[in-house]
Amino acid sequence: MRAAVSSQEREHDKLIENQLIQLRLIHELRGNADEPTDIEKERVEKIEKLCTEAPKHEISLSELRGRMGIDKAVLSRLLKRVDRDKFYLRKSTLDKRIRYLCLRPEGR
């Protein structure tokens, strides 16, 4: 009986230790998620360059996706990293489904 109880206690201790290791790993991964990768930095720079070179300094998000060859989810993640002091998003006046990335006038 004592052997069974001690065996269960050891298993319980192993589970607790594994959970602590998992929590530490999750915490490390979440901490690194805020830092942009090199690829993200390059893509954000390319997005900003495409917008500044576009006519009237605005480009639709669908055109950005096409030129860069990325999907909506990736573009959405990248737009969160774009400098909001220089750029802003706006909806089309004719079709509310279309959004544009625009350069702020004072940044021109």
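The values are calculated or read from the model by the stated rules, or taken from the named source; none is laboratory data. On a predicted model such as this, the values are computed, not experimentally measured, just so you know. Quick reminder, even Gly has a Cβ in these numbers, built from the backbone with ideal geometry, and neighbours come from all protein chains shown. Note: areas computed on protein heavy atoms with side chains; ligands, DNA, RNA excluded. Shrake-Rupley method; radii C 1.70, N 1.55, O 1.52, S 1.80 Å.
The spread of Cα positions in the chain, taken along each principal axis and listed from longest to shortest, comes to 81, 27, 23 Å.
In percent, how large is the relative contact order of the chain, given Cα pairs closer than 8 Å and 6 or more residues apart? The normalised contact order for the chain reaches 23 percent. When the chain is described by a simple charge dipole with +1 on each Lys and Arg Cβ and -1 on each Asp and Glu Cβ, the residue from M1, I98, L15 located farthest towards its positive end is I98.
Could you give the size of the charge dipole of the chain about its Cα centre, using +1 on the Cβ of each K and R and -1 on the Cβ of each D and E, expressed in debye and rounded to the nearest 20?
660 debye
The residues of the chain expose on average 81 square angstrom of accessible surface per residue, using a 1.4 Å probe on protein heavy atoms. Note on the chain: helix-only mean residue ellipticity at 222 nm, from DSSP H runs of 4+ residues weighted -39500 (n - 2.57) and normalised by residue number, equals -19500 deg cm²/dmol. Quotient of the Cα radius of gyration of segment 15-64 and 2.2 N^0.38 Å, N being its number of residues: 1.98.
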